[in-house]
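Visitor: Below you will find the structure I want to go over with you.
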Amino acid sequence: MSRLEVTEMFQGIKYPGHLHTQESLQRALTLPFQDTDILIVSYPKSGTTWMQQIVTLISNKGEPHVSQTVPNWALAPWLEHHYADQLIQTLKPPRVLTTHLPHHMLGHALRTSKAKVIYVSRNPKDTAVSFYHFHKLANFLPDAGSLQEFLDQFLEGTVHFGSWFDHVKGWTSELGKTPNLLHVTYEEMSMDLHGAIKKVSTFLQRPLAEDEVLSCVRHCSFSSMKENKMSNYTLVPGEIMDHSKGAFMRRGKVGDWKNFFTQDHNQHFDEVLQEKMHGCSVEFVWEEADPKERL
Ligand code: A3P
């Protein structure tokens, strides 16, 4: 199934038809979760692949064999992708699953389960810049146009996968209401990967020895994942992802938006952010901390 030009509209949100069908999206909403499931949830470009790698390595006590021999989309399949159905049947518990679906679609199914949910978010300026570049190589996404045009659509919530604001507000509004939900930000993984891995391993009740944490850190670094064919998406054929137009593992930095936003972009973005995130308690980190402050 190629369907590179097809867009599926599902509950008012656009999804790439290359990966989704109406049936696969509908099926995802009724997938029976198991209490042992681990579900990674994110808006695209927020650090999904990074968290898939972290969870895989924690599950293997830092031993990299699995993460170096099985692609991330098979280790932690997306519930809503059309190929996931058969794949999910073959996973042994505890299953690691992934989704980009918003909370209002999945919250109901999760409420009756003890599945552990890890919500990964990233500051919206870096998310938007990463998504913009991803549109250039992903032939299953529409032409993004200019950065200005793309940012307008991102802020309106009309891009594929819907509104970033609604996604973050929806999932984070559940924080504190359920012990089964952990929020991890891209920025905390970036500034303290060791600490983030320990936080996730504690949440998953998979304690690690210090040498195992260090091995996870080594194999989850940007350079290591950029080299790893199982996490860098170079296994995806060129007609689906045009690798001559950019790399999936692109910059891997906090604050890269500053290299692309004009003052006008930034001012408008801040205005919309303030208006749409009013009342949301999530705080954003916009730039890499000064190395001195990290000590
Ligand atoms: P950039 O485009 O800013 O480089 P997702 O997996 O949700 O699609 O997110 C992809 C983004 O996460 C890309 O961001 C990618 O480079 C970044 N990323 C993936 N693994 C990373 C790692 N180990 N360290 C830092 N960034 C990583």
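Visitor: I'd like the distance separating the alpha-carbon centroids of segment 1-22 and segment 130-165, in whole Å.
Guide: So the two Cα centres are separated by 15 Å.
Visitor: Next question, about the same structure. To one decimal place, what Kirkwood hydrodynamic radius in Å is obtained for the chain from all pairs of distinct Cα atoms?
Guide: With all distinct Cα pairs of the chain included, I get 19.6 Å.
Visitor: Quote the charge dipole size of segment 177-231 about the Cα centre in Debye, to the nearest 20; the model charges only the Cβ of Lys and Arg (+1) and of Asp and Glu (-1).
Guide: On the way: 7 positive and 7 negative charges, 48 e Å.
Here segment 177-231 has a charge dipole of around 240 debye.
Visitor: How much FRET efficiency would the formula 1/(1 + (r/R0)^6) give for Gln11 and Glu210, where r is the Cβ-Cβ distance and R0 is 45 Å, rounded to 0.05?
Guide: On the way: r = 45 Å, r/R0 = 1.01.
Efficiency for this residue pair is about 0.50.
Visitor: GluC sites (Glu not before Pro), restricted to segment 138-240: which are DSSP loop and have at most 11 other Cβ atoms within 10 Å?
Guide: Glu239
Visitor: Moving on. Taking Lys198 as the anchor, which lysines have their alpha carbon closer than 29 Å to its alpha carbon, excluding any fewer than eight residues away along the same chain?
Guide: The reachable lysines, counting only those whose Cα sits under 29 Å from Lys198, are Lys45, Lys61, Lys92, Lys114, Lys116, Lys125, Lys169, Lys177, Lys226, Lys229, Lys253, Lys292.
Visitor: Would you work out which of Leu208, His243, Trp257 lies farthest towards the positive end of the dipole of segment 205-271? Charges go on Cβ: Lys and Arg +1, Asp and Glu -1.
Guide: About the Cα centre, the residue reaching furthest to the positive side is His243.
Visitor: Another question, if that's okay. Put +1 on the Cβ of every Lys and Arg and -1 on every Asp and Glu Cβ in the chain; which of Thr178, Gly17, Val285 then has its Cα farthest towards the positive end of the dipole?
Guide: Thr178
Visitor: What length, rounded to one decimal in nm, is gained on full extension from Asp143 through to Ser221, with 0.36 nm per residue of separation minus their alpha-carbon distance? Let's see the in-between values first.
Guide: Numbers: separation 78, 0.36 × 78 = 28.08 nm, distance 3.05 nm.
Stretched out fully, the Asp143 to Ser221 stretch lengthens by 25.0 nm.
Visitor: Can you give the charge dipole size of segment 141-234 about its Cα centre, rounded to the nearest 20 debye, using +1 on the beta carbon of Lys and Arg and -1 on the beta carbon of Asp and Glu?
Guide: Working: 8 positive and 13 negative charges, 86 e Å.
With Lys and Arg at +1 and Asp and Glu at -1, about 420 debye.
Visitor: Run the helix sum for the chain: -39,500 (n - 2.57) per DSSP H stretch of 4+ residues, divided by residue count, reported at 222 nm to the nearest 500 deg cm²/dmol. It would help to have the intermediate numbers written out before the result.
Guide: Details: 14 runs with 124 residues, N = 295.
About -12000 deg cm²/dmol.
Visitor: Can you tell me which of Ser190, Ser113, Ser67 moves the most in a GNM of the chain? Springs connect C-alpha atoms under 10 Å apart.
Guide: Checking each option, the largest mean-square fluctuation is seen for Ser113.
Visitor: Putting +1 on Lys and Arg Cβ atoms and -1 on Asp and Glu Cβ atoms, find which of Tyr119, Tyr83, Pro44 reaches farthest to the positive end of the dipole of segment 37-142.
Guide: Farthest towards the positive pole: Tyr119.
Quick note: the coordinates plus some simple rules give every number you see, no bench work behind them. Fair warning: this is a prediction, and the values are worked out from it, not measured in the lab. Positions of Cβ are backbone-derived with ideal geometry, glycine not excepted, and every protein chain shown enters the neighbour counts.
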